[in-house]
Amino acid sequence: MWAARLAGIALLCAIPTTALADGDSALTLGVGAGVGYLRATQPTAENSDTTFVNQANVRLKALYVLGIDYSVDLSKGDDFVATGDELQFAAKMRLTTLLYAIPTQPASLYFGVGVGGREIGDLASFTSSTNSYHGGIGLEVALSDHISIDSSFYLVIPGVSSIERHVEQLALSAAAAQKSAGGASSLETTTASASVGDYVNIRNYELMIRLFIFL
């Protein structure tokens, strides 16, 4: 009886020293914070719009090459949601799947792709009105066993719902113009007015720098 209890106590005492993970462990959880900016250009705008981003992050890393990052922009309320014919680039929350292509120490190169939205439920959808998508590259540099500095560059693409709304507004505007002028098909005008570059463009990106503590 006592031997079993002592063995149990010894096991519990050993857990803090053996289970403590660092940034290079096979399974580790990190919390962090970061600052950066989102640069986005609406199709009808002449200049890009730059907004400040202040993130809080939780990052789970597994098997050295996989990771999931959840972030919340603490600087945003609900007024960031695009309306009318505006495209949705900004996000209150982002969920990103990470692939550490070069999982070396102290520097690890990774690729990230994910979805953004206003609420947690939006992160499980690709068609929410507040969705945007992002993908790019990042670099994580270990300053010590448990502290890392991280930087990422993500191309940001508006969500499907946002694009549909934008195309619909173009069609309505074109139809009104055609009706008053008695011209050609509104579909032809809409197609000419909208292009892939309006939605997928290197000008639309988020650049971040973060500090992580891995537990």
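Summary table
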{"quantity": "Cα-based reach from K76 at 19 Å (exclusive), listing lysines while leaving out same-chain residues under 8 positions away", "calculated": "K92"}
{"quantity": "Calculated FRET efficiency for the pair Y37/A176, C-beta based, R₀ 30 Å, to 0.05", "calculated": "0.25"}
{"quantity": "Packing-based exposure ordering (other Cβ within 10 Å, fewest first) of F52, F214", "calculated": "F52, F214"}
{"quantity": "Cα centroid separation, the range 53-89 to the range 129-152 (Å)", "calculated": "11 Å"}
{"quantity": "Gained length - L27 relative to A56, 0.36 nm times residue gap less alpha-carbon distance", "calculated": "8.4 nm"}
{"quantity": "Two-site label geometry, I68 and S125: point separation in nm, points 7 Å out along Cα→Cβ", "calculated": "2.0 nm"}
{"quantity": "Contour minus Cα-Cα distance for Q169 and F111 (0.36 nm per residue)", "calculated": "17.4 nm"}
{"quantity": "Mean separation of Cα contacts under 8 Å, 6 or more apart, over the residue count of the range 99-161: relative contact order %", "calculated": "31 percent"}
{"quantity": "Extension gain from D49 to I147, taking 0.36 nm per residue of separation minus the Cα-Cα distance", "calculated": "32.0 nm"}
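Read the figures in this text as sums done on the coordinates, not as results from a lab. This structure is a prediction, so every number in the text was calculated from the model and none was measured. Using ideal geometry, Cβ is built from the backbone for each residue, glycine included, and neighbour counts are taken over all protein chains shown.
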